[in-house]
Every structure is written in C-alpha cells, then in structure tokens.
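What follows is a short report on a single structure.
The values are calculated or read from the model by the stated rules, or taken from the named source; none is laboratory data. Because the structure is predicted, anything quoted here is derived from the model rather than measured. Neighbour counts are summed over all protein chains in view; Cβ atoms, including those assigned to glycine, are modelled from backbone coordinates with ideal geometry.
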Amino acid sequence: MPTPRHEAPHNRLFLARHAALTLLAAAPVHTLAQVPAHAATPEACVSINVDADRLACYDAALGRGARDTRGADIAAKEAKAIQKNLEIAEEVVPQAAQAEAPIGSDLYPMEETLDRAIANAGKGSLLDSRWELAKDSKLGTWNFRAYKPVYLLPAFWSSDPNQTPSSPNPKNTVDTPLDVDELEAKFQLSFKTKAWENVFGDNGDLWMAYTQSSHWQVYSSDTSRPFRETNYEPEVMLTFRNNYRLGGWNGRLLGIGVNHQSNGRADPLSRSWNRVIGMIGLDRENWALTVRPWWRIEESANDDNNRDIEDYVGRGDATLVYVRGGHQFSLMGRHSLRGGDRSHGAVQFDWGFPISNSLRGHVQVFDGYGESLIDYNHKATYIGLGISLFEWY
C-alpha cells in the first residue's frame with residue numbers, strides 16, 4: 001500500500017482542482033439576477049402602458065436577468081485566480097503524479113469555463129453595448145449597428161458664418177465672399193457593421209463604418225436653399241477586448257483604424273484628409289471615456305488642400321459620456337498638441353433627453369475650430385436644437 005507521502009502529490013492536485021471547481025460554481029452567482037416567483041405571463045405585459053415597466057414585466061416573465069457588469073468582472077477576476085492556482089499546483093505536482101491523479105475527464109471542461117468567464121469580463125458595460133466586446137455579447141457579422149449619434153437639428157446657429165473659406169494652398173481659397181446665413185439646419189447619419197468577428201481566437205473584430213454630416217441653408221430662399229457643406233467619413237477599425245484597472249476606471253477597448261474624410265467638392269472648396277486613428281476605451285458605472293490619437297497620412301504639397309489641418313482640428317480627441325435616467329451628456333475635446341501660433345482646438349457638448357418612445361431631444365454646443373471640413377481653420381460658436389434617434393449609448 002502506498003504511503004501517505006506518495007499520496008500527497010495526488011491529493012494536492014485533486015484538492016486544488018476541486019477547490020477551483022467550487023469557486024467556479026460560486027462565481028456565476030454574482031452575474032445572475034433574481035427572477036420573482038410570481039412573474040406575470042408575457043400576454044399580461046401587453047396592457048402595461050409605461051415602457052420601462054412593460055419591459056421589466058417581459059424580462060421577469062421570460063426569466064431574463066438584468067445585466068450585471070460588476071458580476072461579470074468579478075467572475076473574470078476569480079477565473080484568472082483559479083487558473084493561476086492550477087498552474088502553481090501543476091508545477092508542484094510531478095507530471096507522473098498528474099497522470100495518475102483521480103481527476104477524471106469530466107474536469108477538463110473546467111478550462112473552457114474559466115476561459116469563457118475571463119472572455120466575458122465587462123459584459124453589459126457601456127462600451128460592451130456598442131462594440132460587442134464580451135464573448136457572449138457578440139451578435140455576428142453584417143448587421144447594422146449604431147456608431148455615432150444620429151440626429152436632426154432644424155435650428156443650428158453660428159456666431160460667425162465662414163464666408164471666405166481659405167487654405168494655405170492658393171487653389172483652395174475663395175476670392176468672392178459666399179452668401180451664408182447664420183441660421184441653418186444640420187443632420188448626421190452614422191452606422192457601422194462588423195465584417196469579421198474573432199479575428200484572433202475569441203478576440204478582435206473588424207468593423208466598417210460610415211458617417212455623414214450635412215449643413216443645409218434651408219432658410220436661405222435667396223440662394224435656393226443649398227447644402228453649404230456635407231462631410232463624408234468612411235472608416236475601417238480593428239477593435240480588441242481588454243480588461244484592466246486604471247484608477248477607478250475599467251479598460252475595455254483597444255482599437256486601430258483607417259479613416260477618410262472629405263466634402264466631395266471641387267476647388268476652391270475641396271477639403272479632404274486621411275488618418276490612422278488609435279482608440280482607447282474605458283468605462284465605470286454610467287460613465288464612458290474614449291481617447292483617440294491620430295496620425296495623418298501625408299499627401300503631396302500640390303494635392304493637399306488643407307495641409308495645416310492638424311494644427312486646427314487637432315491630433316487627437318477625447319469624448320466623455322455620462323448616462324443617467326434616460327438622459328445622456330457627452331463632452332468632446334480636441335487639440336493640436338502644439339504651442340504658440342499652432343495651438344488650436346475645440347470643445348463640443350451634447351445633451352440627449354427622452355421625449356417619447358425612441359424619439360429624443362438633442363442640444364449641441366460647439367466652440368472652436370473645425371466644426372466642419374470647410375471651416376477647419378475658422379473659429380466660431382455653434383448652437384443646435386433638434387431631435388435624435390440614436391445617441392452614443
């Protein structure tokens with residue numbers, strides 16, 4: 001009969017894996033919401049008039065738990081600790097002892113379960129809701145998703161309309177002042193779709209996106225109500241899920257993309273540029289922060305119709321979003337990251353608020369350079385009021 005000393009390696013490995021299974025079984029408790037035993041039937045929910053109450057009724061009737069991002073983060077942290085303990089146990093126990101240990105093949109799915117818990121860190125967070133970062137949040141490819149806010153601002157006022165757009169390139173400077181009214185309309189359309197999911201194992205998604213922003217001189221009957229400026233912005237982005245802590249913030253997103261922006265006009269009003277844009281996303285509770293540094297792809301001097309655009313529109317931006325009670329507030333800031341005469345930037349504040357069902361009110365205030373491409377080196381304050389269908393989150 002083997003001595004207890006010979007049994008110790010077997011027991012240590014078995015106990016380590018048994019403890020791991022026990023912790024793993026307890027981890028999902030953080031992520032499950034309690035469903036009332038007296039939940040109504042789906043048919044009974046139809047008569048409820050208040051949208052939020054009706055949705056809660058459906059969730060209870062169908063047994064759907066509320067998203068618990070904190071629980072998902074805790075489960076991921078525990079799964080990492082379990083994996084580390086198993087690695088230590090396997091280093092301590094000789095390989096021969098592992099092969100003889102009475103663990104059984106039924107324990108091997110534990111590794112897959114641990115990996116799944118780690119890959120679901122941040123599930124239900126603000127950034128996860130927009131970028132499908134967690135493993136169980138992914139919804140497949142070629143489905144249209146919201147990207148940037150979609151809104152219509154019938155009233156968009158400028159403190160200083162740009163009547164003489166100019167550029168260092170002589171071909172892109174207006175000789176005769178344009179007839180531009182202070183009040184116009186502005187609207188923005190924006191969407192994205194996932195072209196490739198899980199590029200690297202269970203992480204990395206390739207997105208394609210398109211944003212269009214238009215300024216319409218709808219109140220200028222003397223000039224036949226022209227579109228003063230329309231910016232077209234297609235881009236391709238590769239995004240990755242990550243999970244780290246920075247102060248009180250959770251690092252969720254890391255991305256890189258290629259962006260083209262132009263106004264599709266002939267000289268002297270033509271404006272365009274191409275960028276490589278990085279993306280870092282963090283969130284906490286009802287807050288989300290996205291930081292985007294970018295690097296311009298240089299063009300030849302003769303073809304460049306706005307070669308100093310980085311000194312006005314900037315070399316990066318940061319957007320902070322706060323969501324509470326159906327209201328959404330966002331603050332964007334960008335800067336040239338240069339001093340002296342090259343120090344320029346802009347700030348933009350947006351407030352989206354509920355009106356009814358999916359319709360929302362929208363207020364926008366912008367101050368600085370580059371509200372549109374034609375105005376990239378023109379400073380003004382803009383105030384807009386209208387409605388929106390989609391906000392950031």
Item to complete: Just need a number here: residues in the stretch 301-327 that are under 14 Å from PRO168 (Cβ atoms) and surrounded by fewer than 12 Cβ atoms within 10 Å (Cβ to Cβ).
Response: 3
Item to complete: Report whether or not SER220 is at positive phi and modelled with pLDDT under 95.
Response: no
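Only one residue in LYS123, LYS135 is of a type in the set (Lys, Arg), buried (at least 21 other Cβ atoms within 10 Å of the Cβ) and touching a helix residue (DSSP H, G or I) at 6+ places or on another chain (Cβ under 7 Å), so which one is that?
Details: LYS135 fails: buried (at least 21 other Cβ atoms within 10 Å of the Cβ).
Of LYS123, LYS135, the one residue that is of a type in the set (Lys, Arg), buried (at least 21 other Cβ atoms within 10 Å of the Cβ) and touching a helix residue (DSSP H, G or I) at 6+ places or on another chain (Cβ under 7 Å) is LYS123.
Assess whether GLU235 counts as being within 26 Å of ASP317 (Cα to Cα) and in contact (Cβ under 8 Å) with a residue 40 or more places away in the chain.
On the way: within 26 Å of ASP317 (Cα to Cα): yes; in contact (Cβ under 8 Å) with a residue 40 or more places away in the chain: yes.
Considered against the rule, which asks whether it is within 26 Å of ASP317 (Cα to Cα) and in contact (Cβ under 8 Å) with a residue 40 or more places away in the chain, GLU235 comes out as yes.
Look through the stretch 333-350, keep the residues that are under 18 Å from the mean Cα position of the chain (by Cα) and surrounded by fewer than 17 Cβ atoms within 10 Å (Cβ to Cβ), and return whichever of them is farthest from PHE187 (Cα to Cα).
Pass one, the stretch 333-350, residues under 18 Å from the mean Cα position of the chain (by Cα): 333-334, 348-350.
From what's left, surrounded by fewer than 17 Cβ atoms within 10 Å (Cβ to Cβ): 333, 349.
Details: GLY333: 21, PHE349: 16 Å.
Among those residues, the one meeting the criterion is GLY333.
Do you know which residues across the stretch 254-295 are charged (D, E, K, R), assigned to a strand (DSSP E or B) and crowded, with 18+ Cβ neighbours inside 10 Å? Show your work before the answer.
Going residue by residue through the stretch 254-295, those that are charged (D, E, K, R) are 265, 267, 271, 275, 283-285, 292.
Those still in the list that are assigned to a strand (DSSP E or B) too: 275, 283-284, 292.
Listed by number, the residues that qualify are ARG275, ASP283, ARG292.
When the residues of the stretch 127-163 are filtered to those that are hydroxyl-bearing (Ser, Thr, Tyr) and more than 21 Å from SER224 (Cβ to Cβ), which remaining residue is farthest from the chain's Cα centre (by Cα)? Explain how you work it out, then say what you get.
Residues of the stretch 127-163 hydroxyl-bearing (Ser, Thr, Tyr): 129, 137, 141, 147, 151, 158-159.
If we keep only those that are more than 21 Å from SER224 (Cβ to Cβ) too, we end up with 129, 137, 141, 147, 151, 159.
Values: SER129: 8, SER137: 14, THR141: 17, TYR147: 8, TYR151: 18, SER159: 31 Å.
By that ranking, first place goes to SER159.
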Worksheet, complete the sentence: The strands (runs of 3 or more DSSP E) lying wholly within the stretch 306-393 that contain at least 3 residues that are under 24 Å from VAL180 (Cβ atoms) are 345-356, 359-369, 379-390
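From the list ARG342, ARG292, which residue is among the basic types (Lys, Arg), in contact with a helix residue (DSSP H, G or I) (Cβ under 7 Å, 6 or more places away or on another chain) and assigned by TED's automatic domain parsing to the domain that holds ASN259? If you could, list the steps in order and put the result at the bottom.
Details: ARG292 fails: in contact with a helix residue (DSSP H, G or I) (Cβ under 7 Å, 6 or more places away or on another chain).
Exactly one of ARG342, ARG292 is among the basic types (Lys, Arg), in contact with a helix residue (DSSP H, G or I) (Cβ under 7 Å, 6 or more places away or on another chain) and assigned by TED's automatic domain parsing to the domain that holds ASN259, namely ARG342.
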Fill in: Flag for SER190 being at negative phi, among the hydroxyl-bearing types (Ser, Thr, Tyr) and assigned to a loop (DSSP other than H, G, I, E, B)
no
Discussion item. I'm trying to understand the selection: among the residues of the stretch 205-229, which are crowded, with 16+ Cβ neighbours inside 10 Å and of a type in the set (Gly, Ala, Ser)?
Written reply: ALA209, SER213, SER214, SER220
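If I filter the stretch 142-157 for residues that are touching a strand residue (DSSP E or B) at 6+ places or on another chain (Cβ under 8 Å), part of a loop (DSSP other than H, G, I, E, B) and modelled with pLDDT under 95, do I get at least one hit? Explain how you work it out, then say what you get.
Step one: list which residues in the stretch 142-157 are touching a strand residue (DSSP E or B) at 6+ places or on another chain (Cβ under 8 Å), which gives 142-157.
Filter once more, so that each one left must be part of a loop (DSSP other than H, G, I, E, B): 142-143, 147-149.
Now narrow it down to the ones that are modelled with pLDDT under 95: 143.
Within the stretch 142-157, one or more residues are touching a strand residue (DSSP E or B) at 6+ places or on another chain (Cβ under 8 Å), part of a loop (DSSP other than H, G, I, E, B) and modelled with pLDDT under 95.
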